[in-house]
Amino acid sequence: MKSSIPPRGKFRKPWQLLQKLACSLCAFLGIWLIFTTITLVSAAAGPVDALFVLGGSICREIYVAQAAKKYPQIPILISQGSPDPCVWLIFQRESADLSNVWLEKCANSTWENFYYGITILRRWGVNKVMLITSPTHLPRAKWIGQILLGANGIWMEPDIIQERGIPGNRESWLKTGLDVTRSLLWAVVSPIVQPQCSKVTRLTQVDMPAWERQGFKCEQQGNLGR
């Protein structure tokens with residue numbers, strides 16, 4: 001009677017293949033981590049290349065408009081912030097240059113702020129970014145930014161501003177845990193896969209007459225008379 005137990009050799013080859021794949025993956029990740037760390041250390045010592053504003057309160061746009069006068073050559077990316085005409089009025093009131101400001105309107109969450117924003121920052125060749133948000137947005141925004149921006153070789157320098165009124169961000173440890181987890185997973189592929197946002201507008205392209213005709217509303221604390 002023949003034995004139904006397969007020879008040991010039939011199990012060795014698949015197992016050896018898996019071992020080789022695991023070793024190769026570990027080696028690749030190790031090299032990638034070393035290269036990324038060196039890139040980040042170098043970027044940290046350099047100047048800020050861009051200002052990145054996370055939407056949630058008009059106070060953040062007011063702050064970045066004032067900062068734009070100090071850094072007129074640095075591009076500004078505002079991710080899902082206040083309505084376009086409100087941002088336009090803020091920069092006009094502050095006598096800040098509008099030509100270096102872009103508005104991204106694809107993101108619907110903090111995680112998506114980075115999901116779409118990183119592609120734009122990489123296109124600009126940014127190595128060091130100043131992240132503008134508020135205490136109500138922490139620590140989630142900081143952790144997500146450090147993971148996803150860091151994975152793409154971009155050093156992040158947080159600039160935390162105080163807000164009045166009721167900001168648009170509400171933090172919970174469950175939301176933070178979920179976003180940090182998917183950030184760690186996405187970090188592996190984000191240097192390769194670059195999502196494109198079709199709703200990116202230069203601030204100089206905002207059609208104010210059209211907005212005036214259809215009407216718009218700005219946050220009261222912006223003091224824009226709207």
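The values are calculated or read from the model by the stated rules, or taken from the named source; none is laboratory data. Just so you know, these numbers come straight off a predicted model, no measurement behind them. When we count neighbours, we look across all protein chains shown, and the Cβ atoms used for this are built from the backbone with ideal geometry, even at glycine.
Regarding region 123-138, can at least one residue be identified that is surrounded by 19 or more Cβ atoms within 10 Å (Cβ to Cβ) and in a helix (DSSP H, G or I)? There is at least one residue in region 123-138 that is surrounded by 19 or more Cβ atoms within 10 Å (Cβ to Cβ) and in a helix (DSSP H, G or I).
Are any of the residues in region 101-109 part of a helix (DSSP H, G or I) and of a type in the set (V, I, T)?
no
The C-beta contact set for region 114-126 (first residue free of Cβ contacts under 8 Å to residues at least 24 places away in the same chain, second residue part of a helix (DSSP H, G or I) and polar (S, T, N, Q), distance under 6 angstrom, 6+ apart or interchain) is empty. Take the residues in region 200-226 that are touching a residue at least 12 places away in the same chain (Cβ under 8 Å) and over 12 Å from P85 (Cβ atoms); name whichever of them is surrounded by the most Cβ atoms within 10 Å (Cβ to Cβ). It comes out as E219. Of all residues in region 139-160, those that are assigned to a helix (DSSP H, G or I) and within 20 Å of P195 (Cα to Cα) total 9.
Evaluation of N169 against the conditions (1) at pLDDT 85 or above; (2) closer than 12 Å to A141 by Cβ; (3) part of a loop (DSSP other than H, G, I, E, B) shows that the sole unmet condition is (1). For N152, the test of being under 16 Å from R202 (Cβ atoms), touching a residue at least 12 places away in the same chain (Cβ under 8 Å), out of contact with any Gly (no Cβ under 7 Å at 6 or more places or on another chain) and of a type in the set (S, T, N, Q) is failed.
Within region 191-208, can you find the residues that are modelled with pLDDT of 90 or more and either more than 22 Å from I78 (Cα to Cα) or of a type in the set (S, T, Y) (or both)? Listed by number, the residues that qualify are S198, T201, T204.
If you go through region 68-88 and keep only what is of a type outside the set (V, I, T) and without any contact (Cβ under 8 Å) to a residue 40 or more places away in the chain, you end up with A68, K69, K70, Y71, P72, Q73, S79, Q80, G81.
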